[in-house]
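All remarks here apply to the structure that follows.
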Amino acid sequence: MEIITSDGRRYLDASGGAAVSCLGHAHPDVLAAMHAQIDRIAYAHTSLFTTEPAEALADALVADAPAGIVHVYLVSGGYEAIEAAL
């Protein structure tokens, strides 16, 4: 979660900015997971299509959710989740 300048100075990236920068900058585990997913499936917008990994995640979330929660709506981030909930 650091940005390293060309002269080696390190800065903590505490902005939590756009997209997935909070997961780190070029962390090898994150890159490997991204490549594995990209190699398995094409992008599909969640409001129109579904994928096997999305279905498996939804099933796991519902299984661990409090009683009465039977649906999952997957979104890309917190703001979108709040907007969908409203």
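The values are calculated or read from the model by the stated rules, or taken from the named source; none is laboratory data. Just so you know, these numbers come straight off a predicted model, no measurement behind them. Positions of Cβ are backbone-derived with ideal geometry, glycine not excepted, and every protein chain shown enters the neighbour counts. Accessible surface areas use protein heavy atoms only, side chains included; no ligands, DNA or RNA. Shrake-Rupley method; radii C 1.70, N 1.55, O 1.52, S 1.80 Å.
Could you check the stretch 52-86 and list, in sequence order, the residues that are in contact with a helix residue (DSSP H, G or I) (Cβ under 8 Å, 6 or more places away or on another chain) and open to solvent by 60 Å² or more (accessible area, probe 1.4 Å)? Let's see the steps before the verdict.
Initially, the stretch 52-86 is screened for residues in contact with a helix residue (DSSP H, G or I) (Cβ under 8 Å, 6 or more places away or on another chain), giving 53, 69-75.
Those that are in contact with a helix residue (DSSP H, G or I) (Cβ under 8 Å, 6 or more places away or on another chain) and open to solvent by 60 Å² or more (accessible area, probe 1.4 Å): Ile69, Val70, His71, Tyr73.
Looking at Ala26, Ala19, can you tell me which residue is at positive phi, part of a loop (DSSP other than H, G, I, E, B), open to solvent by 90 Å² or more (accessible area, probe 1.4 Å) and modelled with pLDDT under 80?
After ruling out the rest, the residue left standing is Ala19.
If you go through the stretch 29-74, how many residues are part of a loop (DSSP other than H, G, I, E, B), more than 30 Å from Glu2 (Cβ to Cβ) and either at pLDDT below 90 or of a type in the set (Ser, Thr, Tyr) (or both)? Explain how you work it out, then say what you get.
Kept after step one, since they are part of a loop (DSSP other than H, G, I, E, B), are these residues of the stretch 29-74: 41-51, 65-74.
Add one more test, that the residue is more than 30 Å from Glu2 (Cβ to Cβ), and what stays is 41-42, 44-51, 65-73.
Next, only the ones that are either at pLDDT below 90 or of a type in the set (Ser, Thr, Tyr) (or both) stay: 41-42, 44-51, 73.
Within the stretch 29-74, residues that are part of a loop (DSSP other than H, G, I, E, B), more than 30 Å from Glu2 (Cβ to Cβ) and either at pLDDT below 90 or of a type in the set (Ser, Thr, Tyr) (or both) number 11.
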